[in-house]
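Inspection log for the structure reproduced underneath, given as structure tokens.
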């Protein structure tokens, strides 16, 4: 007796409402938690900067994605007056 063949693409489209609702709720919860976490991170880095007497501009540059190497390169270029 021959087995019936079900194409693989059938399984990708056979989603029920429970799966769709769970994935949507998980995505929304992740976005909300990411927003709350980002706000708390920025607030607490400002508190730490104030306690250590570090410039808020430097903290903003470092937390915005600039690595120490990039900051040091820009400082050296600025001090040497070399356009880049």
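The values are calculated or read from the model by the stated rules, or taken from the named source; none is laboratory data. Given the structure is predicted, the values throughout are model-derived calculations rather than measurements. Cβ coordinates were reconstructed from backbone atoms using ideal geometry, including for glycine residues, and neighbour counts include every protein chain displayed.
Odds and ends about this structure:
- Which listed residue, of 30, 46, is part of a helix (DSSP H, G or I), at pLDDT below 90 and under 30 Å from residue 61 (Cβ atoms): 46
- If the condition is being at pLDDT 80 or above, loosely packed, with under 10 Cβ neighbours inside 10 Å and not in a loop (DSSP other than H, G, I, E, B), then the range 49-78 contributes 51, 52.
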